[in-house]
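The next block holds one structure in the form of structure tokens; read it before the comments.
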Amino acid sequence: MNTQLSTSVVQPDLFSPVQIGSYTLKNRIVMAPLTRMRADENNIPTNMSRIYYQQRATAGLIITEGTQISPQGAGYPNTPGIYNHDQVKAWRQITDSVHAQGGRIFLQLWHVGRVSYPGIQLNDEPPVAPSAIKAEGDYVKPRALEPAEIDDIIYDYWRASENAFAAGFDGVEVHAANGYLIDQFLRDSTNKRTDQYGGSYKNRARFLFEVLHAVISVWGSERVGLRLSPTNPFNSISDSNPEELFEYIVERLNPLDLAYLHIVEGGLLSPDTTEKEPLFDPRTLRNIYDGPYMANNGYSKGSAKKAIKNDSADLVSFGDLFISNPDLPERFLRNAPLNKTDLDSRYGGNEKGYIDYPSLNLALA
Ligand SMILES: Cc1cc2nc3c(=O)[nH]c(=O)nc-3n(C[C@H](O)[C@H](O)[C@H](O)COP(=O)(O)O)c2cc1C
């Protein structure tokens, strides 16, 4: 028996292919969702974004920036949407360009809930949330959703999924992380509802599972991913027992057989939140999840390699490193130096700090 061969078969690394749902990805290096605020004033992605995503098509999978499912879902200016024809047309250019380079691209479906403000909402209305509880910082008190409005938002997720399909995406990721609408339903600090959407874990998770079922009805579960951030205090979110809550959720995810589960491990630093000690290690969720597990948050090439080798992740997503290194897989492969991210051009602006980060000069190879 050729032991070398058998070792390489059982021991995957960052560059070995991986099966997620119906796709075999060419490597395990995923581009994490990154809001860059470069869409136009009508929330339509521009040609600049087409170039940006095309430059990054060597990732095993690109997950787009958070993309609002409805005008109500927006929390920041110049973020793209997926609720009208012009947006679908613009996204189609992007998916075609990524596919022309042999890449795969999932759209991240986003509704910010209370993390918004009247100036960005239709008719200057207050933002909506499970309960009328204000986020810390410069936010207004949101309006609690009526049950019928929850149905409308689930319909918006369904319509956004149909639109993503028409725009040529390979799948979608449901954004249930980072203190946005779905996360606001999950946590007992932001969800004080007394109807079937509040109270028990089952009730607080009801909205998430209804959204997932709507999205799956369009895409099939094998082309739907889910992002959770169980210990991330971003957008002043918290829960009295996140460990039990997220264990409950992940156990219920198993039978759905999603393309992958994407976990933001630890917390994301933000000027608005004080980083607290994580209450538990969300990597333990890996052990109760049966499907492909995508790890995120602060990974380097070395720690990602180790995570794949130790089987503590099947894939690793990189945010910051993909901002400044369009050819990140190539750089990892060659142990090439990495470009540093310019912090000032992360959110909003023009080509600078967006599509002008250099790739390695392949002529030197
Ligand atoms: C500029 C920027 C924009 C981000 N936008 C999103 C987003 O739209 N959706 C999301 O789920 N996470 C978003 N995140 C979080 C990243 O996906 C990722 O979790 C974070 O950067 C940690 O991974 P890293 O250490 O590899 O950068 C954003 C992070 C940054 C720095």
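Only the coordinates and a few stated rules stand behind these numbers; no lab work does. Predicted model, so just to flag it, every value in this text is computed and none were measured. No Cβ is skipped: glycine too gets one built from the backbone with ideal geometry, and neighbour counts run over all protein chains shown.
Per-structure values
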{"read-out": "Where GluC sites (Glu not before Pro) fall in DSSP loop in the stretch 201-307, at most 16 other Cβ within 10 Å", "value": "Glu275"}
{"read-out": "Percentage relative contact order, the stretch 3-358, counting C-alpha pairs under 8 Å, at least six apart", "value": "17"}
{"read-out": "Pairs beyond 30 Å (Cα-Cα), from Lys202/Lys306; Lys301/Lys352; Lys134/Lys202; Lys26/Lys340; Lys309/Lys352", "value": "Lys202/Lys306; Lys309/Lys352"}
{"read-out": "Theoretical gain in end-to-end length, Glu330 to Glu149 [0.36 nm per residue, Cα-Cα removed]", "value": "60.5 nm"}
{"read-out": "Residue order, fewest to most surrounding Cβ atoms within 10 angstrom, among Leu256, Leu107, Leu343", "value": "Leu343, Leu256, Leu107"}
{"read-out": "Intensity falloff of the stretch 1-145 expressed as log10 I(q)/I(0), Debye formula with alpha-carbon point scatterers, at q = 0.15, 0.22 Å⁻¹", "value": "-0.81, -1.24"}
{"read-out": "Extension gain (nm, one decimal) between Lys306 and Phe165, 0.36 nm per residue minus Cα-Cα", "value": "47.2 nm"}
{"read-out": "Pairs of alpha carbons in the chain whose separation is greater than 25 Å (percent)", "value": "52"}
{"read-out": "Prolate/oblate/rounded call for the stretch 289-365, Cα gyration tensor, a/c under 1.5 rounded", "value": "oblate"}
{"read-out": "Residue of Asn339, Asn78, Asn287 that the Gaussian network model of the chain assigns the largest fluctuation, springs spanning Cα pairs under 10 Å", "value": "Asn287"}
{"read-out": "Cut-off of 10 Å, at most 16 other beta carbons, DSSP loop: longest stretch of the chain lacking such trypsin sites (Lys or Arg not before Pro)", "value": "1-133"}
{"read-out": "Ile133-Tyr76 pseudo-label distance in nm [points 7 Å out on the Cα-to-Cβ vector]", "value": "2.4"}
{"read-out": "Chymotrypsin sites (Phe, Trp or Tyr not before Pro) restricted to DSSP loop in the stretch 74-146 with at most 13 other C-beta within 10 Å", "value": "none"}
{"read-out": "Simple Cβ-charge dipole of the chain, Lys/Arg +1 and Asp/Glu -1, about Cα centre, in debye nearest 20", "value": "820"}
{"read-out": "Sorted by Cβ density within 10 Å, fewest first, the residues Val115, Val172", "value": "Val115, Val172"}
{"read-out": "Residues Thr24, Thr64, sorted so that the one with the fewest Cβ neighbours within 10 Å comes first", "value": "Thr24, Thr64"}
{"read-out": "Computed E for Asn350/Lys141 - FRET, C-beta separation, R0 35 angstrom, nearest 0.05", "value": "0.50"}
